[in-house]
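Some notes on the structure that comes next.
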Amino acid sequence: MEQQNKAHRAVRKKSQKKTTQNNGQNAKAFAVAAPRRLEREARRTRDINEKRFHVPMVDRTPEEPPPVIVAVVGPPGTGKTTLIKSLVRRYTKHTLSDIKGPVTVVSGKRRRLTFIECANDLSSMIDIAKIADLILLMIDGNFGFEMETMEFLNILAPHGFPRILGVATHLDLFKSPATLRASKKRLKHRLWTEVYKGAKLFYLSGVMNGRYPDREILNLARFISVMKFRPLKWRNEHSYLLADRVVDITHPAEIERNAKIDRKITLYGYVHGTPLPAHNARVHVPGIGDLTISNIERLPDPCPTPYQEKKEVEEGKIKRRKRLDDRLKVIYAPMSDVGGVLIDKDAVYIDVGHRSFVEGEEKGVGERLVVGLQNAQTTLGEGPAGIRLFSNTEALNEIKPDDDEKDNIHKGDSGRREMRHGRVITRDHYGDDSDGEVDDDAEEDEDGDYDDAEAEEEAYSQSMRSRLLDDSMSSRLADEDDIAFADSDSDLADHDDDGDDDDDDGNMRWKSNLADRALKDYKRRKWDIGKLLYLDNIAPEEVIKRWKNEELSSSAEDGEEEDIENDVSDPENSHADNGDDFFEKRTNSAILLVDAEVVDRTIPVYDDAYLKDKWGDSSPSLTSLKTRFVTRQFDDSEGNEINPSGFDSDGEEFGDFEDLETGEAITGTTTDEHEQEDIVGEQEAKDGQEMSYDKERQANARKKEKLRLRFEEEEEQEDDGLGEDDPEKKLYDTWHDAQKAKIAKQLEINKAEFDEMDPVTRERVEGYRAGQYVRIVVDNIPYEFTEKFDPKFPVIIGSLLASEDRLGFVQVRIKRHRWHKKILKSNDPLIFSLGWRRFQSLPIYTTSDSRTRNRMLKYTPEHLHCTGTFYGPLIAPNTGFCAVQSVANGAATGAFRIAATGIVLDVDQSVQIVKKLKLVGTPYKIFKNTAFIQGMFNSALEVAKFEGATIKTVSGIRGQIKRALSKPEGHFRATLEDKILMSDIVILRAWYPIQPRKLYNPVTSLLLSEKTEWQGMRLTGELRHEKGLSVPQLKDSDYTKIERPVRRFNPLRVPKTIRSELPFKSQIAMMNPQQKVSYLQKRAVVVGGTEKKKREMMQKVMTLRNEQVRKRQEKKQERKAVYQKKIAENEDKRKERERRDKKEFFQRQSQKRNAGTQGGGGKRHRGGDD
């Protein structure tokens, strides 16, 4: 039997209406399911995109950037030194035994790293926070975050907050993996709370062979090598360098004379930030003070990068390098004595590793002389006078003259009487065959005889002049206005005057053809066009010839070139031969020689005839000067302007011309719209006299409206910072992108301009760029800096802007740190870290009362910002700072030391701060609304200052001060709203101006032997506590018992006339005193017999009950005493047990730490670092 299945339901056809809806747009199908959630997501996406934007800053990173400063910071015992050793070993294959000062290594083809360890004191932390590009924050994983770590993070916040990498150490002390994971998670989240969410935290386990494991160090090194750094605002506006070498170049003789003399110091380092000025730059060295650079110069880079190979790879000379070879892994740490090479200004010092000259092991005469000089106890001229020619002879203190010398002495021939003159080579002395004489009266004796030595020297020099150069070369040298001096006698000649030079032709070969070779060298000389343009003794034609290195004039070839110095002033004697003088004075100046009889030599005497000839209407000087300016020429007849450029006279800027590319003919254009508007405005102004007043106002309004529209158009064109025709303007849609494009474009323009200069000129104009290794010479450094120098503390040189070198009052917004326990008080000393400086000052805290006055506050408010004013260097607004009360480690109490943070609001030389002042007085005479007040002022002059001031009584009655009374002194008359009482107190609320104290005390910690114990001004309470003095008690300040007498007020008395007219409800009920004794007062209560017995019975019962209660309380107290004794014994046992358990716990922890030091580090101690 076949199964009969039920037929399927027929397919229902869609209606025509639904088909029509499907073909159209269904709004419901595309609606948002959760509009509020979509709104939140869109807002969050927008916020994330906006957070990526920063204020556009100029990227001053040069092509060869300076080393990245990596600071390793952490509490003592966290492994800072071990980490630096491990990283240096990873980068350079060097093992450092002792780390002192900065250590620079090459980490990549274009990146260098400078490692520096931060000491455990506030001064070093503050200095490192200002220059470090990357912070390696060391954290003891077994102990957790410590106070020093939190202090350093809060120091970083106001100074820019560079990149931070957390490094957790001592993780090998955890025995349980679960405890280790929990500790890592806890440290990571705590670091995210203090830095930012997602901050990187590296974990370093145990120490092997004195270093951390290679794999962990490799991961950390790779992360450092790829990090990018954004320039911070303060560092992007100032130049600074970290000194990696300090040398004292003071003359030893001056130190011998005075050991405390100010020293001359040279500092070496890489320039960071902006270019460092090349001349007289003002800098600040934290720990020393403000200084002026006396000399600065660039040195070869002691730690170069392999970037140069990249260019060779592009040229195809060498194969591309996949990694750095060992020979390219350079390290430079002069303070740590690593590398053995020191580069100085004029020398390179190489450490050979052993002593070259040892006393007692000399190998020759030269070594004995060197050892003898090293062992010299005195300098030249300080020992006993005299000279010893041989070792076995006596010292000669005086040379006895011979008979001939005695005769010469008696004749007056005592030798040279003045300084020797340099031997000069000029045209005048060898152009003539006759011997020249020195025209100097001081060269002659009274008898007319010359000194024999001078005469011989003069004859010798004259003979040599004739042999050196011919007349052609002499005329050329005269044109240069230079004087050629011989460096020594050997430079001129090496033979006698008789001219026997044929003995050794080989030795004299270099003297042959001197004139021709000198002329060729002179022709090949490269002239500086910038200097030639401003020489006033050279004609413009000669400037062009010298700049193009063309052949000299024919007169120079014939040896008869015209003397440039004499061609203007004395044309007749321009070819004269003045062979009588060594030096020739320039006579082309219009200033005449002043006669010796003229008293006032400050006013020059001019030659009027010469000036008239030189600057006349037809003079060539004036004609050549006119061609340098663009001027208008006018027709003398009508005063119309002559168009020198060939423009059409009808106002067309350009004539008809044809475009050569398109062939289109273009006619000249007339004046533009703006010029037409100007012409219309001028015409309206001319007709203004004939206009009425209303028409003139309308014309002025139209003119102003046109100017306003023109200015608005110009502003719209300049809003984006790019030109109207700039193609880059269409590429950027937002203001942020346009600003970045503007900055990049300006950088390209500056770079192209500086690249055209030679290196010397560029350094003078731009300064020493970032990345260059420089040598800085600074004078007047206190001797304590070199005597007590410690390389473990950083030496920073920060440049100062022009405004930062002045002192004044600085207004800041300051807030006490929430972790600092003590509240801050006005006029208490505070140490500020502002800019490069660390200084102590006395701040005054104020608040603004409705923006009308700055009212002084005695203390900083709780959890609120306030305004502070102190005396210090003027720093630009929006600069962050932090403040501490003391930087000495000895003053640390274990509490948080960062007292306050804030930013600079304004800088000003003066500031207005007022303090509330209440003056109190009492009335002694009252006349209705007038009263005489006493006790408020001391003199009539004080009253006169406050005439018209508002006064007020305690009861609220207001008044005004009128005039001072003649007698007694200080009393005044006042009027009030109502009559006051004799018991009222009158108060005058005034504001007293105060001025902050001018205290600027720089922190000179680098001048101390104990650099962590600098102390400045201290509080009076600290001094009393140190010296054991008690606080002086004033008699008026003693607390006494206050006795206030009870005041009795008189009853209210209403007159009868008024009382009778009062309504019934308001009438006063007056009761007369009672005259008779009432019935209740007369009645007495007499106790009967039964009542008396009852009372006696109740008294006995209560007595028995009270006795029972007393006995019960005594027994209860006895039981309580036993119980309390038992509880006290149990408490003592509990405390003893806890003390024993705590002791055992710390013993176990100590054993764990001692076990961790087997690898070469990791022991935690407070005395110093690992």
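The values are calculated or read from the model by the stated rules, or taken from the named source; none is laboratory data. These numbers were taken from a predicted model, which means no experiment stands behind them. Cβ sites come from the backbone with ideal geometry, for glycine too, and all protein chains shown count toward neighbours. Side chains are part of the model used for accessible areas, which takes the heavy atoms of the whole protein and leaves out ligands, DNA and RNA. Shrake-Rupley method; radii C 1.70, N 1.55, O 1.52, S 1.80 Å.
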Discussion item. Looking at residue 1057 and the list (1) surrounded by 10 or more Cβ atoms within 10 Å (Cβ to Cβ); (2) β-branched (Val, Ile, Thr); (3) in a helix (DSSP H, G or I), which single condition is not satisfied?
Written reply: (1)
Discussion item. Checking residue 765 against (1) of a type in the set (Val, Ile, Thr); (2) open to solvent by less than 60 Å² (accessible area, probe 1.4 Å); (3) under 18 Å from residue 238 (Cα atoms): exactly one of these is not met. Which one?
Written reply: (2)
Worksheet item: Checking residue 1075 against (1) in contact with a Lys or Arg (Cβ under 8 Å, 6 or more places away or on another chain); (2) open to solvent by 70 Å² or more (accessible area, probe 1.4 Å), which test does it fail?
Response: (1)
Worksheet item: How many residues, within the stretch 170-216, are more than 21 Å from residue 149 (Cβ to Cβ) and not aliphatic (A, V, I, L, M)?
Response: 12
Item to complete: State all residues of the stretch 1080-1116 that are open to solvent by 100 Å² or more (accessible area, probe 1.4 Å) and of a type in the set (A, V, I, L, M); if no residue qualifies, say none.
Response: 1080, 1085, 1086, 1097, 1098, 1104
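Condition check ((1) in contact (Cβ under 8 Å) with a residue 40 or more places away in the chain; (2) over 17 Å from residue 167 (Cα atoms); (3) aliphatic (A, V, I, L, M)) across all residues:
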residue	(1), (2), (3)
33	no, yes, yes
42	no, yes, yes
57	yes, yes, yes
74	yes, no, no
81	yes, no, no
Worksheet item: Would a scan of the stretch 210-223 turn up a residue that is crowded, with 17+ Cβ neighbours inside 10 Å, in a loop (DSSP other than H, G, I, E, B) and more than 31 Å from the chain's Cα centre (by Cα)?
Response: yes
Worksheet entry | Options 956, 970, 948; residue that is open to solvent by less than 20 Å² (accessible area, probe 1.4 Å) and without any contact (Cβ under 8 Å) to a residue 40 or more places away in the chain | 970
Worksheet, complete the sentence: Just one listed residue, out of 123, 86, is modelled with pLDDT of 90 or more and within 28 Å of the chain's Cα centre (by Cα), and it is 123
Practice prompt. Quick one: in the stretch 786-804, of everything that is in contact with a helix residue (DSSP H, G or I) (Cβ under 8 Å, 6 or more places away or on another chain) and in a strand (DSSP E or B), which residue is surrounded by the fewest Cβ atoms within 10 Å (Cβ to Cβ)?
Written response: 796
Worksheet entry | Lone qualifier among 928, 962, 998, 945 - being closer than 25 Å to residue 816 by Cα and of a type in the set (D, E, K, R) | 998
Worksheet item: Across the stretch 1028-1054, which residue is nearest to residue 983 (Cα to Cα) among those that are of a type in the set (Val, Ile, Thr) and open to solvent by less than 100 Å² (accessible area, probe 1.4 Å)?
Response: 1054
Worksheet item: With respect to residue 966, is the statement that it is more than 56 Å from the chain's Cα centre (by Cα), more than 30 Å from residue 1049 (Cα to Cα) and small (Gly, Ala, Ser) true?
Response: yes
Worksheet item: Does residue 911 qualify as being aliphatic (A, V, I, L, M) and either modelled with pLDDT under 90 or not in a strand (DSSP E or B) (or both)?
Response: yes
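Each row is one residue, and each column tells you yes or no for (1) closer than 30 Å to residue 59 by Cα; (2) surrounded by 12 or more Cβ atoms within 10 Å (Cβ to Cβ); (3) of a type outside the set (Gly, Ala, Ser); (4) modelled with pLDDT under 55.
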{"site": "672", "(1), (2), (3), (4)": "no, no, yes, yes"}
{"site": "692", "(1), (2), (3), (4)": "no, no, no, no"}
{"site": "714", "(1), (2), (3), (4)": "yes, no, yes, no"}
{"site": "727", "(1), (2), (3), (4)": "yes, no, yes, yes"}
{"site": "730", "(1), (2), (3), (4)": "yes, no, yes, no"}
{"site": "744", "(1), (2), (3), (4)": "yes, yes, no, no"}
{"site": "749", "(1), (2), (3), (4)": "yes, no, yes, no"}
Worksheet item: Looking at the stretch 161-183, is at least one residue open to solvent by 10 Å² or more (accessible area, probe 1.4 Å), of a type in the set (Gly, Ala, Ser) and touching a strand residue (DSSP E or B) at 6+ places or on another chain (Cβ under 9 Å)?
Response: no
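Okay, residues lined up against (1) farther than 30 Å from residue 911 by Cα; (2) hydroxyl-bearing (Ser, Thr, Tyr):
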{"site": "955", "(1), (2)": "yes, yes"}
{"site": "961", "(1), (2)": "no, no"}
{"site": "976", "(1), (2)": "yes, no"}
{"site": "990", "(1), (2)": "no, no"}
{"site": "1014", "(1), (2)": "yes, no"}
Practice prompt. For residues that are assigned to a loop (DSSP other than H, G, I, E, B) and of a type in the set (Phe, Trp, Tyr), scanning just the stretch 980-1015, find the one that is surrounded by the fewest Cβ atoms within 10 Å (Cβ to Cβ).
Written response: 1000
Worksheet item: Which one of these does residue 787 not meet: (1) under 30 Å from residue 289 (Cα atoms); (2) touching a residue at least 12 places away in the same chain (Cβ under 8 Å)?
Response: (2)
Practice prompt. Sort out which residues of the stretch 190-209 are exposed (fewer than 15 other Cβ atoms within 10 Å of the Cβ) and part of a strand (DSSP E or B), and write them in order of number.
Written response: 208
Worksheet, complete the sentence: Within the stretch 929-945, residues being open to solvent by less than 60 Å² (accessible area, probe 1.4 Å) and touching a residue at least 40 places away in the same chain (Cβ under 8 Å) number 5
